[in-house]
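Below you'll find the structure, written out as structure tokens, and then a few comments.
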Amino acid sequence: ILRAEGNFEVKQYGGAPANILWMVVDNTRYCFKFNHETGKIECHEGGHNGELIEVFDNQTPISKVKAFFVNL
């Protein structure tokens with residue numbers, strides 16, 4: 001979120017927050033969504049069905065999370 005250009009969006013579904021966050025970094029739109037089947041957060045480039053570029057869960061080292069966002 002710290003690297004987001006402008007606002008980031010959290011979408012709603014049926015009046016409740018959906019498990020999707022959208023943000024733009026260096027003119028590229030990224031979608032972060034919670035996958036209920038795997039229990040992981042997925043990052044897709046372009047859209048929620050775009051290229052899967054990273055997956056995070058509670059076992060992901062914070063150093064990997066930091067490196068991912070620094071290198072976006």
Flag for T60 being open to solvent by 40 Å² or more (accessible area, probe 1.4 Å), of a type in the set (S, T, N, Q) and out of contact with any Phe, Trp or Tyr (no Cβ under 8 Å at 6 or more places or on another chain): no
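So that you can scan it fast, the table gives a plain yes or no per residue for (1) open to solvent by less than 90 Å² (accessible area, probe 1.4 Å); (2) part of a helix (DSSP H, G or I); (3) at pLDDT below 90; (4) out of contact with any helix residue (DSSP H, G or I) (no Cβ under 7 Å at 6 or more places or on another chain):
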| position | (1), (2), (3), (4) |
| --- | --- |
| Q12 | no, no, yes, yes |
| P17 | no, no, yes, yes |
| L21 | yes, no, yes, yes |
| Y30 | yes, no, no, yes |
| E42 | yes, no, no, yes |
| H48 | yes, no, yes, yes |
| V65 | yes, yes, no, yes |
Subset of the range 18-48 [among the polar types (S, T, N, Q) and either touching a Pro at 6+ places or on another chain (Cβ under 6 Å) or under 18 Å from F8 (Cα atoms) (or both)]: N19, N27, T28
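The values are calculated or read from the model by the stated rules, or taken from the named source; none is laboratory data. All values reported here derive from a predicted model rather than from experimental measurement. Neighbour counts are summed over all protein chains in view; Cβ atoms, including those assigned to glycine, are modelled from backbone coordinates with ideal geometry. Side chains included, ligands, DNA and RNA excluded: accessible areas come from the protein's heavy atoms. Shrake-Rupley method; radii C 1.70, N 1.55, O 1.52, S 1.80 Å.
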